[in-house]
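First the structure, in the form of structure tokens, and then the observations on it.
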Amino acid sequence: MYPKGEWDWLKGGLAMVAVAIAAFLLVKPLGVSTQFAVVDTMIWKTIDPEIVQKKEVNGKEVLTSPNAYINKSHAAYARAAENPLNYGLIFVLAMIGGAFLSVLTGGPKPSKEERRVPEGFQRYFGHKPWLRYALAFVGGIVTLYGARLAGGCTSGHMISGISQTAVSSLLFAAGVFITAIPTAIWLYRKRGGNNQ
Amino acid sequence: MKLLLAIILGGAFGFVLHRIGATNPTRLIDMLRLSDLKLEKVILFSIGTTMITLFTINTLFPGAVHFSVRAAYWGVFVGGLIFGLGFALSALCPGTGVAALGEGRKDAVFYVLGGLVGTFLLALSWEWLAQTALFQLVIDGTPKPVLAEGVVVRGHELPALIHLPGWLTALIFGGALIALAFVLPRKLRDK
């Protein structure tokens, strides 16, 4: 039923615990969505250099931004964007390499077709690559808007946050499942004449 | 050293997300429409076990765990509601979307591009959002509440809502999550 090489939930869960604990002990909790803000700042400042500015404060050079979001927490995103070789960004880029390594070492290997339209999507919509791409794109806009408003995503809030018993992360998780489950049940339903 | 850790930990995280099938939108569609509870089990088990382990280590070796808790304002809940909508539409989330690039999924490219646009839109609307009730704290005067005792961030313990030893709260709460992972059926609905 699952592709060859996919781990069962218990083995996968234990592996996830090992990674999460290692991150908590060695550096900081797992997190991904912050890096979208860092990459955005990097792109933004190549188009409009004014978005990250250097200012002297008490003889020390500090970064500021006219954009309130980039400027928050002492312009943390601007500081990361000025120094791309930082832990958070390298961590997220390494995730791509990690998944690739998993494919190379006997993990699930999606077919060319599966890489365009996942089987679960075809089940309800048929073979419609551009519909899949459009939904992925719009979903990307919506998830990151929500994640950055909430200050974290599935990694930062759910895995890392709830493990620390953070109230904020419990609220986030409640919000996610309140909308995600009904929307998914409605969206991914059998459609008359639409299925092969 | 830190960059080496970033490569090792990030690589391991991407590897595990791929191996458990979380980078596969099919698995996420089935998770959200409750037609395959495998990933629910992974998440419940991982969170529960990580919680118990963290608070045990924290009791034995205070200061060894790098806690980092986000503030609880109403925007976190609203952000979650918005996130859930997008999660269903894309059947990907930020971490799984990025890792899915590593197995060559084309839809993940569109997801990540969309994510950059969504973050940009948030940055543009931040000043306006900051004036709304979204940034009011859920518990007045307590920016970062936690359930369990012993969560120390920068030398200060965060206020805990449950007045039991931290390891015990973690054991009860984490144990319940782990038990749920084991008792949940394979699926609740048909595909």
Exercise. Under a 1.4 Å probe, what is the accessible area of the range B:55-191 per residue, stated in Å²?
Worked result: 48
Exercise. Under a 1.4 Å probe, what is the accessible area of the range A:114-195 per residue, stated in Å²?
Worked result: 31
Seminar exercise, completed: So for R0 = 35 Å, FRET eff. of B:Met1-A:Lys54 from the Cβ-Cβ r, to 0.05, ends up at 0.80
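Rounded to the nearest percent, how much of the accessible area of the protein assembly as shown (1.4 Å probe, protein heavy atoms only) is carbon and sulfur? Can you show the working numbers first?
Numbers: 10840 of 16210 Å².
The computed percentage sits at 67.
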Seminar exercise, completed: On each of the three principal axes the extent of the alpha-carbon atoms of the range A:114-195, given in whole Å and largest first, is 46, 20, 19
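Would you calculate a helix-derived [θ] at 222 nm for the protein assembly as shown, using -39,500 (n - 2.57) for each DSSP H run of n ≥ 4 and dividing by the full residue count, to the nearest 500?
Values: 15 runs with 236 residues, N = 387.
After summing the helix terms and dividing by the residues of the protein assembly as shown, the value is -20000 deg cm²/dmol.
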For this session: Give the interface area between chains A and B as buried accessible surface, both sides summed, probe 1.4 Å, in Å² to the nearest 100.
Result: 10600
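If you wrap a convex hull around the C-alpha atoms of chain B and split its volume per residue, what is the figure in Å³?
On the way: hull volume 31.1 nm³, N = 191.
Cα convex hull per residue, to the nearest whole number: 163 Å³.
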For this session: Could you bin all the Cα-Cα distances of the protein assembly as shown into 20 Å bins starting at 0 and give me the percent of pairs in each, rounded to whole numbers?
Result: 29, 60, 11, 0
Seminar exercise, completed: Across all Cα atoms of the range A:28-114, Rg and the largest Cα-Cα distance (Dmax), in Å, are 17.3, 59
Exercise. Among A:Thr34, A:Thr143, A:Thr179, which one shows the biggest mean-square fluctuation in a GNM of chain A, springs joining Cα atoms closer than 10 Å?
Worked result: A:Thr179
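According to the Cα gyration tensor, what semi-axes, each the square root of 5 times an eigenvalue, does the equivalent ellipsoid of chain A have, listed from largest to smallest in whole Å?
35, 22, 19
To the nearest 20 debye, what charge dipole does the range B:10-83 have about its Cα centre, counting +1 at the Cβ of each Lys and Arg and -1 at the Cβ of each Asp and Glu? Intermediate results must be reported in sequence, preceding the final value.
Numbers: 6 positive and 3 negative charges, 15 e Å.
That gives the range B:10-83 a dipole magnitude of about 60 debye.
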Problem set entry | Computed E for A:Lys28/B:Phe135 - FRET, C-beta separation, R0 22 angstrom, nearest 0.05 | 0.40
Exercise. Just which residues of the range A:106-130 lose 50 Å² or more accessible area with every protein chain there, against their chain alone, with the probe set to 1.4 Å?
Worked result: A:Arg115, A:Arg123
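The values are calculated or read from the model by the stated rules, or taken from the named source; none is laboratory data. Small disclaimer: the values here were computed from a predicted structure and weren't measured. Positions of Cβ are generated from backbone atoms using ideal geometry, with glycine treated the same way; all protein chains shown enter the neighbour counts. Quick note on the areas: whole protein, heavy atoms, side chains included, nothing else; ligands and nucleic acids left out. Shrake-Rupley method; radii C 1.70, N 1.55, O 1.52, S 1.80 Å.
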